[in-house]
Amino acid sequence: MMRQHKSTAISKLIITTLLFFTLSTGSKAVQLANKPTLSEQQDRIFDIALVASSLGGKALITWLNHRQNKSDKGDDDDA
């Protein structure tokens, strides 16, 4: 019982971290995309934020699919 509670807490922490990472980098990419011109540094930050938000979204979907597949098999261990 304690192991299940601990793995659920870890899963929530991972999902929260991925959501924060994805939303923060995605919002920065949107903010920079709405500017008429970008400096060289802003252009690099935009590229990095765009890639990071894409990776964060993919990681979140992969994590959720992994959890769903484990629960379909009846395995309660999320970590």
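The values are calculated or read from the model by the stated rules, or taken from the named source; none is laboratory data. All values reported here derive from a predicted model rather than from experimental measurement. Counting neighbours? That spans all protein chains shown, and the Cβs are built from the backbone with ideal geometry, glycine included. Keep in mind that these areas ignore ligands, DNA and RNA; they rest on the heavy atoms of the full protein, side chains included. Shrake-Rupley method; radii C 1.70, N 1.55, O 1.52, S 1.80 Å.
Give the dimensionless ratio obtained when the Cα radius of gyration of the chain is divided by 2.2 N^0.38 Å.
Ratio of Rg to 2.2 N^0.38 Å for the chain: 1.47.
Would you work out if segment 23-63 is rounded, prolate or oblate? Take a ≥ b ≥ c from the square roots of the eigenvalues of the alpha-carbon gyration tensor; rounded if a/c is under 1.5, else prolate when a/b is larger than b/c, oblate otherwise.
Judged from the Cα gyration tensor, segment 23-63 comes out prolate (a/c at least 1.5, a/b above b/c).
With r as the distance between the Cβ atoms of residue 27 and residue 7 and R0 = 22 Å, compute the FRET efficiency 1/(1 + (r/R0)^6) and round to 0.05.
With a Förster radius of 22 Å, E is 0.15.
Using a Förster radius of 25 Å, what is the FRET efficiency between residue 66 and residue 43 based on their Cβ-Cβ separation? Nearest 0.05, please.
With R0 = 25 Å, the Cβ-Cβ based efficiency is 0.10.
Given the rule -39500 (n - 2.57) for each run of at least 4 DSSP H residues, summed and divided by the residues of the chain, what is its mean residue ellipticity at 222 nm, to the nearest 500 deg cm²/dmol?
-30000 deg cm²/dmol
Heavy atoms only, probe 1.4 Å: what % of the accessible area of the chain goes to carbon and sulfur, would you let me know?
Ligands and nucleic acids excluded, carbon and sulfur reach 63 percent.
Considering lysine pairs in segment 1-74 that are 8 or more places apart or on different chains, how many have Cα atoms under 26 Å apart?
Eligible lysine pairs with Cα atoms under 26 Å apart amount to 10.
Using only the alpha-carbon atoms, how far is helix 2-33 inclined from the longest principal axis of the chain? Give it as 0 to 90 degrees, nearest 10.
That works out to roughly 10 degrees.
Give me the 1.4 Å probe accessible area per residue for the chain, excluding ligands and nucleic acids, in Å².
76 Å²
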